[in-house]
Amino acid sequence: MISDVLSWLSCPHCATALSPAAPSGSPLRCEEGHSFDVARGGYLSLLTGSGTAGTADTPAMVADRAAFLAAGHYAPLADLLADLAADAERGVEEQTCVVDLGAGTGYYLARVLEAVDRPGIALDISKHAARYAARAHPRIGAVVADAWAGLPVRGRAASVLLNVFAPRNPSQMRRVLHPAGRAIVVVPEPEHLRELIERYGLLAVDDRKPERLRAQFADRFEVAAEHPLRRTLTLDAAEVAQLIGMGPNAWHADAARVTAGAEVTFAVRAYVLAPR
Ligand SMILES: C[S@@+](CC[C@H](N)C(=O)[O-])C[C@H]1O[C@@H](n2cnc3c(N)ncnc32)[C@H](O)[C@@H]1O
Ligand SMILES: [Zn+2]
């Protein structure tokens, strides 16, 4: 719930602390008097202006993502993240939280909070995703925010910062991360979903190159460890359509064309990054 994470959030306008609503149900306020409502869906919007809303996942994408992930196809990645997060936060004595930047439905964050007994902040620019994340685990506070703006999170708040297939903002990630904490960043490898890319002419995303990721983070983080993860998924036609529909290809491919199941390569790499 939002109350679990309020002490780590900050006002997106003036960066001062947010105070609990009193009486409950009234808006949250910062020290300068900016006020914010918790939506009926249980998430808090700290978005200022229009944001880069064009990149927010749509209701259809979020529904496909929730259904696909619930079937467990990406569970090995969730398990890996839980192990890495438990390791990463062991060095941090202070009260901190886990932050997931671009959290989507909160699937990975919820799994990580089973292994890490701290509150979790799910940040995403999509309110449709935030609505799912708010329900994904009792200790998740779901916040609508733009990764390209200053994150509405206090400095050093996170002992673990997750970023899974989502926009990366290294300077904000560095600010929010506790100096003894770790960022865990997951990116697809070139073979990821290869069969679907070939069969349906999907986008092959260019920023998959490991050198790019290293260069992007080089000023602020060093790579402490890398964990490649590879599986072959056996999917039926409905699952193939969901997998296409939940990602960037939802904008370009016609999932209605999917009439057959497929064996699909799952290939990603998790980077554990230590602040410099
Ligand atoms: C490919 S999804 C990954 C979601 C989740 N990490 C997962 O793997 O299930 C990318 C997510 O980034 C979010 N997103 C896109 N642009 C964003 C931005 N500027 N700030 C924050 N989140 C953004 C989308 O709404 C979407 O939920
Ligand atoms: Zn304020």
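The values are calculated or read from the model by the stated rules, or taken from the named source; none is laboratory data. Since the structure is predicted, the reported quantities are computational estimates derived from the model, not experimental observations. For neighbour counting, all protein chains shown are included, and Cβ atoms are generated from backbone atoms with ideal geometry for every residue, glycine included. These accessible areas exclude ligands, DNA and RNA; they are computed on the full protein's heavy atoms, side chains included. Shrake-Rupley method; radii C 1.70, N 1.55, O 1.52, S 1.80 Å.
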Meets criteria (of a type in the set (Lys, Arg), closer than 18 Å to ASP219 by Cβ and either more than 9 Å from ligand 1 (Cβ to nearest atom) or modelled with pLDDT under 95 (or both)) for ARG156
no
Which listed residue, of CYS97, CYS11, is over 24 Å from ARG269 (Cβ atoms), touching a Ser or Thr at 6+ places or on another chain (Cβ under 9 Å) and modelled with pLDDT of 95 or more
CYS97
Options LEU123, LEU101, LEU69; residue that is within 13 Å of ligand 1 (Cβ to nearest atom) and in contact with a Phe, Trp or Tyr (Cβ under 6 Å, 6 or more places away or on another chain):
LEU69
Criterion first (in contact with a strand residue (DSSP E or B) (Cβ under 8 Å, 6 or more places away or on another chain), surrounded by 18 or more Cβ atoms within 10 Å (Cβ to Cβ) and of a type outside the set (Ser, Thr, Tyr)) does LEU28 satisfy it?
yes
So for region 47-54 (the condition being under 18 Å from VAL153 (Cα atoms), buried (at least 18 other Cβ atoms within 10 Å of the Cβ) and within 16 Å of ligand 2 (Cβ to nearest atom)), does at least one residue qualify?
yes
Residues GLU191, GLU239, GLU195, GLU263: which one is open to solvent by 10 Å² or more (accessible area, probe 1.4 Å), in contact (Cβ under 8 Å) with a residue 60 or more places away in the chain, in a loop (DSSP other than H, G, I, E, B) and of a type in the set (Asp, Glu)?
GLU191
For region 168-178, give me the residue count where each residue is outside any loop (DSSP other than H, G, I, E, B), open to solvent by less than 60 Å² (accessible area, probe 1.4 Å) and not β-branched (Val, Ile, Thr).
6
If you go through ARG40, ARG65, the only one that is closer than 20 Å to LEU109 by Cα and among the basic types (Lys, Arg) is ARG65
